[in-house]
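Each remark here refers to the structure printed beneath this line.
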Amino acid sequence: MLPVFVYGTLRSGEAGFAELGLGERVETLGPATVAGTLYDLGEYPGALLGSGAIISGELLLPRDEAVLALLDAYELFDPADPAGSEYRRVQTATKDGGIKIWIYVYNFPLENARLIPGGDWLQRPLS
């Protein structure tokens, strides 16, 4: 089972983590970074992979496959319809250590979204 890189509301201490009861369902492996760009979508962030920027987050190791299904539903990812999903779950590797991971990337245009400087949802400027 691959760890899942979370960078927004699913990070420990955030609303989604508590809402899904992830404290009981995952092992928190600690901080990590991924090459990509992070955008503020209002209530939550959206990530795009690549670029010279860095996204900060943490790694969660699901205790079983049911956790991935729970996360897929939370992120509005339908494995049977990836193109129509708000997010897609894709494999990549962490920037710091090259660990293979799952990450949810935003699946729609982001031209009207605000860039999060520094790539850390927890440090985003609040407006």
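Annotations
- Residue exposure sequence - 27, 14 - by fewest surrounding Cβ within 10 Å: 27, 14
- From the coordinates shown, semi-axes √(5λ) of the Cα gyration tensor in Å corresponds to which of (i) 23, 16, 13; (ii) 29, 19, 11; (iii) 20, 17, 15: (iii)
- Our coupling estimate for segment 89-97, obtained by passing each phi through the Karplus curve with A = 6.51, B = -1.76, C = 1.60 and θ = phi - 60°, is 8, 10, 8, 8, 9, 5, 6, 9, x Hz, Gly and Pro reported as x.
- In this calculation the C-beta distance from residue 65 to residue 110 is compared with R0 = 25 Å, giving a FRET efficiency of 0.25.
- In loop segments of segment 67-127 as defined by DSSP, the GluC sites (Glu not before Pro) with at most 11 further C-beta atoms inside 10 Å of their C-beta are 111.
Throughout, read-outs are computed from the coordinates displayed, never taken from laboratory work. Keep in mind that what you see is a predicted model, and the values were worked out from it rather than measured. In this analysis, Cβ positions are derived from the backbone assuming ideal geometry, glycine residues included, and neighbour counts consider all displayed protein chains.
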